[in-house]
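Step one of this worksheet: look at the structure below.
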Amino acid sequence: MSMLFDRRAIFPPMGALRRVLDCGFGTGLWAFQIAWENPRCEVIGIDVSPHHYNPEESVDNLYLNVDNLNMPLQFHSNHFDLVNSRLVAGGIDRNRWHGYMRDILRSLRGGGWCQMVEMDFNAQSDNGTLTDGHALRQWSAKYIQAMSQFKNPEAPRRLGHWMRHAGFTDVEERMIPLPMCGWSDTQREFDIGAANQENVRLLLGSLALHPFTEQLGMTITEFHVLVAQARAEASNPALKPYFRLYVCVGRKPRR
(Lines give C-alpha, C1' and ligand atoms only; values in the text may rest on other atoms or scores of the structure.)
Protein backbone atom coordinates (compact mmCIF):
# COMPACT_ATOMS: atom_id res chain seq x y z
CA MET A 1 0.00 0.00 0.00
CA SER A 2 3.00 2.29 0.45
CA MET A 3 3.41 2.38 -3.36
CA LEU A 4 -0.16 3.64 -3.70
CA PHE A 5 0.60 6.53 -1.34
CA ASP A 6 3.99 7.27 -2.94
CA ARG A 7 5.70 6.11 0.29
CA ARG A 8 3.89 8.78 2.32
CA ALA A 9 2.93 7.57 5.78
CA ILE A 10 1.27 10.81 6.92
CA PHE A 11 -1.26 12.66 4.73
CA PRO A 12 -2.27 15.89 6.53
CA PRO A 13 0.21 18.75 7.05
CA MET A 14 2.02 18.10 10.33
CA GLY A 15 4.71 19.93 12.25
CA ALA A 16 6.95 18.27 14.83
CA LEU A 17 5.26 15.19 16.27
CA ARG A 18 5.18 14.55 20.02
CA ARG A 19 2.57 11.81 20.42
CA VAL A 20 0.99 9.56 17.79
CA LEU A 21 -1.62 6.82 18.13
CA ASP A 22 -1.96 3.96 15.63
CA CYS A 23 -5.34 2.22 15.92
CA GLY A 24 -5.15 -1.36 14.65
CA PHE A 25 -1.38 -1.51 14.10
CA GLY A 26 -1.49 -4.94 12.39
CA THR A 27 2.04 -5.77 11.28
CA GLY A 28 3.37 -2.73 13.15
CA LEU A 29 5.17 -1.40 10.07
CA TRP A 30 3.41 1.98 9.97
CA ALA A 31 3.97 2.61 13.69
CA PHE A 32 7.59 1.49 13.41
CA GLN A 33 8.21 3.84 10.47
CA ILE A 34 6.79 6.84 12.33
CA ALA A 35 8.76 6.02 15.49
CA TRP A 36 11.98 5.48 13.51
CA GLU A 37 11.64 8.73 11.57
CA ASN A 38 10.63 10.73 14.67
CA PRO A 39 12.84 9.55 17.56
CA ARG A 40 11.54 12.25 19.92
CA CYS A 41 7.93 11.26 19.30
CA GLU A 42 6.08 8.74 21.48
CA VAL A 43 4.24 6.30 19.19
CA ILE A 44 1.56 4.08 20.70
CA GLY A 45 -0.08 1.27 18.74
CA ILE A 46 -3.14 -0.69 19.83
CA ASP A 47 -4.52 -3.88 18.31
CA VAL A 48 -6.59 -6.83 19.45
CA SER A 49 -4.10 -9.21 17.74
CA PRO A 50 -0.52 -8.14 18.60
CA HIS A 51 1.08 -11.36 17.38
CA HIS A 52 1.67 -9.89 13.91
CA TYR A 53 4.53 -7.75 15.19
CA ASN A 54 8.12 -8.86 15.83
CA PRO A 55 9.26 -7.13 19.07
CA GLU A 56 12.92 -7.77 18.22
CA GLU A 57 12.62 -5.14 15.48
CA SER A 58 11.60 -2.25 17.71
CA VAL A 59 12.73 1.20 18.82
CA ASP A 60 12.64 2.79 22.26
CA ASN A 61 9.87 5.28 21.48
CA LEU A 62 7.41 2.67 20.15
CA TYR A 63 4.84 1.08 22.48
CA LEU A 64 2.47 -1.59 21.19
CA ASN A 65 -0.41 -2.68 23.39
CA VAL A 66 -3.33 -5.11 23.31
CA ASP A 67 -6.63 -3.25 23.18
CA ASN A 68 -10.09 -3.59 21.66
CA LEU A 69 -11.27 -0.72 19.48
CA ASN A 70 -14.86 -1.65 20.25
CA MET A 71 -14.27 -0.44 23.80
CA PRO A 72 -13.82 3.25 24.72
CA LEU A 73 -10.25 4.44 24.17
CA GLN A 74 -8.46 4.82 27.51
CA PHE A 75 -6.28 7.83 26.72
CA HIS A 76 -6.17 11.31 28.17
CA SER A 77 -8.05 14.04 26.36
CA ASN A 78 -6.07 16.44 24.14
CA HIS A 79 -3.14 14.00 24.09
CA PHE A 80 -2.16 13.08 20.52
CA ASP A 81 -0.96 15.13 17.55
CA LEU A 82 -2.05 12.45 15.08
CA VAL A 83 -4.30 9.38 15.17
CA ASN A 84 -3.94 6.82 12.38
CA SER A 85 -6.76 4.33 11.78
CA ARG A 86 -6.25 1.92 8.90
CA LEU A 87 -8.24 -1.11 7.72
CA VAL A 88 -10.15 -1.65 10.95
CA ALA A 89 -13.70 -1.77 9.50
CA GLY A 90 -13.69 -5.56 9.61
CA GLY A 91 -13.31 -5.40 13.38
CA ILE A 92 -15.38 -2.38 14.38
CA ASP A 93 -18.94 -3.28 15.40
CA ARG A 94 -21.60 -1.51 13.34
CA ASN A 95 -22.95 0.43 16.35
CA ARG A 96 -19.48 1.53 17.51
CA TRP A 97 -18.46 3.94 14.75
CA HIS A 98 -19.92 7.15 16.16
CA GLY A 99 -18.37 6.47 19.57
CA TYR A 100 -15.07 5.53 17.91
CA MET A 101 -14.98 8.87 16.08
CA ARG A 102 -15.80 10.77 19.27
CA ASP A 103 -13.07 8.90 21.17
CA ILE A 104 -10.49 9.83 18.55
CA LEU A 105 -11.60 13.47 18.56
CA ARG A 106 -11.41 13.64 22.36
CA SER A 107 -7.92 12.13 22.48
CA LEU A 108 -6.51 14.57 19.90
CA ARG A 109 -5.06 17.91 20.97
CA GLY A 110 -6.63 21.03 19.48
CA GLY A 111 -5.43 21.29 15.89
CA GLY A 112 -4.44 17.62 15.79
CA TRP A 113 -5.31 15.37 12.85
CA CYS A 114 -6.94 12.00 12.26
CA GLN A 115 -6.28 10.01 9.09
CA MET A 116 -8.32 6.96 8.10
CA VAL A 117 -7.95 4.38 5.34
CA GLU A 118 -10.57 1.72 4.61
CA MET A 119 -11.27 -0.71 1.77
CA ASP A 120 -14.63 -1.26 0.07
CA PHE A 121 -14.62 -4.95 -0.85
CA ASN A 122 -17.34 -4.63 -3.48
CA ALA A 123 -15.28 -5.63 -6.54
CA GLN A 124 -15.31 -3.21 -9.48
CA SER A 125 -14.14 -3.30 -13.10
CA ASP A 126 -12.54 -0.36 -14.89
CA ASN A 127 -14.01 -1.44 -18.23
CA GLY A 128 -17.37 -2.76 -16.98
CA THR A 129 -16.71 -6.38 -17.93
CA LEU A 130 -17.16 -7.71 -14.39
CA THR A 131 -20.80 -8.74 -13.91
CA ASP A 132 -22.89 -10.25 -11.13
CA GLY A 133 -22.38 -13.59 -12.84
CA HIS A 134 -18.65 -13.54 -12.10
CA ALA A 135 -17.31 -15.35 -9.05
CA LEU A 136 -15.44 -12.25 -7.90
CA ARG A 137 -18.66 -10.23 -7.74
CA GLN A 138 -20.39 -13.17 -6.01
CA TRP A 139 -17.57 -13.24 -3.46
CA SER A 140 -18.16 -9.55 -2.78
CA ALA A 141 -21.91 -9.99 -2.41
CA LYS A 142 -21.50 -12.86 0.03
CA TYR A 143 -18.84 -11.04 2.03
CA ILE A 144 -21.03 -7.94 2.37
CA GLN A 145 -24.03 -10.11 3.30
CA ALA A 146 -22.09 -11.93 6.00
CA MET A 147 -20.39 -8.86 7.45
CA SER A 148 -23.62 -6.86 7.55
CA GLN A 149 -24.86 -8.95 10.46
CA PHE A 150 -22.35 -7.43 12.88
CA LYS A 151 -20.22 -4.87 10.99
CA ASN A 152 -20.91 -2.01 8.59
CA PRO A 153 -19.70 -2.70 5.02
CA GLU A 154 -20.63 0.89 4.11
CA ALA A 155 -18.12 2.28 6.62
CA PRO A 156 -15.40 3.13 4.04
CA ARG A 157 -17.81 5.42 2.17
CA ARG A 158 -19.14 7.09 5.34
CA LEU A 159 -15.89 8.09 7.04
CA GLY A 160 -16.17 11.73 6.05
CA HIS A 161 -19.79 12.00 7.15
CA TRP A 162 -19.03 10.41 10.51
CA MET A 163 -16.00 12.66 11.02
CA ARG A 164 -18.02 15.81 10.41
CA HIS A 165 -20.82 14.55 12.65
CA ALA A 166 -18.30 13.94 15.47
CA GLY A 167 -17.01 17.52 15.20
CA PHE A 168 -13.95 17.30 12.95
CA THR A 169 -13.21 20.20 10.62
CA ASP A 170 -11.18 20.48 7.39
CA VAL A 171 -12.44 17.02 6.45
CA GLU A 172 -11.22 15.78 3.08
CA GLU A 173 -12.12 12.50 1.39
CA ARG A 174 -10.69 10.68 -1.58
CA MET A 175 -11.49 7.41 -3.33
CA ILE A 176 -8.50 5.62 -4.88
CA PRO A 177 -8.95 2.62 -7.19
CA LEU A 178 -6.63 -0.18 -6.05
CA PRO A 179 -5.97 -2.58 -8.95
CA MET A 180 -6.09 -6.29 -8.09
CA CYS A 181 -3.46 -7.13 -10.70
CA GLY A 182 -1.29 -5.42 -13.29
CA TRP A 183 -3.68 -4.16 -15.97
CA SER A 184 -3.28 -0.38 -16.24
CA ASP A 185 -1.71 1.36 -19.23
CA THR A 186 -0.01 3.70 -16.74
CA GLN A 187 3.27 2.22 -15.52
CA ARG A 188 2.84 3.40 -11.91
CA GLU A 189 -0.66 1.93 -11.58
CA PHE A 190 0.41 -1.25 -13.40
CA ASP A 191 3.22 -1.72 -10.87
CA ILE A 192 0.82 -1.13 -7.98
CA GLY A 193 -1.56 -3.75 -9.33
CA ALA A 194 1.22 -6.26 -9.94
CA ALA A 195 2.52 -5.77 -6.40
CA ASN A 196 -1.01 -6.11 -5.00
CA GLN A 197 -1.90 -9.34 -6.79
CA GLU A 198 -0.57 -11.69 -4.12
CA ASN A 199 -2.23 -9.63 -1.36
CA VAL A 200 -5.59 -10.00 -3.10
CA ARG A 201 -5.09 -13.72 -3.60
CA LEU A 202 -4.49 -14.17 0.13
CA LEU A 203 -7.29 -11.92 1.40
CA LEU A 204 -9.94 -13.54 -0.82
CA GLY A 205 -9.39 -16.65 1.28
CA SER A 206 -8.45 -15.32 4.70
CA LEU A 207 -11.17 -12.65 4.98
CA ALA A 208 -13.97 -14.92 3.86
CA LEU A 209 -13.34 -18.31 5.49
CA HIS A 210 -15.16 -17.72 8.77
CA PRO A 211 -17.99 -15.47 7.44
CA PHE A 212 -18.79 -17.76 4.51
CA THR A 213 -18.67 -21.09 6.34
CA GLU A 214 -19.90 -20.12 9.83
CA GLN A 215 -22.37 -17.33 9.05
CA LEU A 216 -23.58 -18.22 5.55
CA GLY A 217 -23.37 -21.99 5.96
CA MET A 218 -21.22 -22.73 2.90
CA THR A 219 -19.47 -26.08 2.87
CA ILE A 220 -15.68 -26.01 2.82
CA THR A 221 -15.77 -27.39 -0.72
CA GLU A 222 -18.15 -24.67 -1.91
CA PHE A 223 -15.92 -22.10 -0.25
CA HIS A 224 -12.74 -23.30 -1.92
CA VAL A 225 -14.40 -23.49 -5.35
CA LEU A 226 -15.72 -19.93 -5.11
CA VAL A 227 -12.41 -18.55 -3.82
CA ALA A 228 -10.44 -20.33 -6.56
CA GLN A 229 -12.70 -18.86 -9.25
CA ALA A 230 -12.59 -15.40 -7.66
CA ARG A 231 -8.80 -15.53 -7.49
CA ALA A 232 -8.58 -16.42 -11.18
CA GLU A 233 -10.78 -13.46 -12.11
CA ALA A 234 -8.95 -11.08 -9.77
CA SER A 235 -5.69 -11.90 -11.57
CA ASN A 236 -7.20 -11.54 -15.06
CA PRO A 237 -6.01 -8.23 -16.61
CA ALA A 238 -8.82 -8.35 -19.18
CA LEU A 239 -11.38 -7.73 -16.43
CA LYS A 240 -9.42 -4.74 -15.06
CA PRO A 241 -10.60 -5.52 -11.52
CA TYR A 242 -10.09 -3.19 -8.56
CA PHE A 243 -11.25 -2.47 -5.04
CA ARG A 244 -12.11 1.07 -3.94
CA LEU A 245 -9.86 2.45 -1.22
CA TYR A 246 -11.15 5.41 0.78
CA VAL A 247 -8.83 7.90 2.47
CA CYS A 248 -10.21 10.52 4.85
CA VAL A 249 -8.50 13.14 7.01
CA GLY A 250 -10.00 15.51 9.54
CA ARG A 251 -8.80 18.03 12.08
CA LYS A 252 -9.84 18.73 15.67
CA PRO A 253 -10.79 22.38 16.12
CA ARG A 254 -8.27 24.37 18.13
CA ARG A 255 -11.06 25.55 20.43
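The values are calculated or read from the model by the stated rules, or taken from the named source; none is laboratory data. As the structure is a computational prediction, the values presented were derived from the model and not from experiment. Ideal geometry is used to build each Cβ from the backbone, glycine not excepted, and the neighbour counts take in all protein chains shown. Note: areas computed on protein heavy atoms with side chains; ligands, DNA, RNA excluded. Shrake-Rupley method; radii C 1.70, N 1.55, O 1.52, S 1.80 Å.
Descriptive notes on the structure:
- Within region 185-222, considering residues that are among the small types (Gly, Ala, Ser) and without any contact (Cβ under 8 Å) to a residue 12 or more places away in the chain, the one surrounded by the most Cβ atoms within 10 Å (Cβ to Cβ): 206
- Filtered residue count, region 223-246, keeping only those that are part of a helix (DSSP H, G or I), open to solvent by 20 Å² or more (accessible area, probe 1.4 Å), touching a helix residue (DSSP H, G or I) at 6+ places or on another chain (Cβ under 7 Å) and over 13 Å from residue 124 (Cβ atoms): 2
- Any pair with Cβ under 9 angstrom, 6 or more apart, that starts in region 93-104 at a residue that is within 17 Å of residue 74 (Cβ to Cβ) and ends at one that is of a type in the set (Phe, Trp, Tyr) and open to solvent by less than 30 Å² (accessible area, probe 1.4 Å): 100/162; 101/162; 101/168; 104/80; 104/168
- Residue-level check: of (1) touching a strand residue (DSSP E or B) at 6+ places or on another chain (Cβ under 9 Å); (2) closer than 30 Å to residue 233 by Cα, residue 67 misses just (2).
- In the condition set (1) crowded, with 16+ Cβ neighbours inside 10 Å; (2) outside any helix (DSSP H, G or I); (3) out of contact with any Phe, Trp or Tyr (no Cβ under 6 Å at 6 or more places or on another chain), residue 249 is compliant with all but (3).
- Highlighted here are the strands (runs of 3 or more DSSP E) found entirely within region 18-134 that include at least 2 residues which are open to solvent by 20 Å² or more (accessible area, probe 1.4 Å), modelled with pLDDT of 95 or more and not acidic (Asp, Glu): 108-125.
- In the set (1) open to solvent by 20 Å² or more (accessible area, probe 1.4 Å); (2) closer than 22 Å to residue 30 by Cα, residue 156 fails one condition alone, (1).
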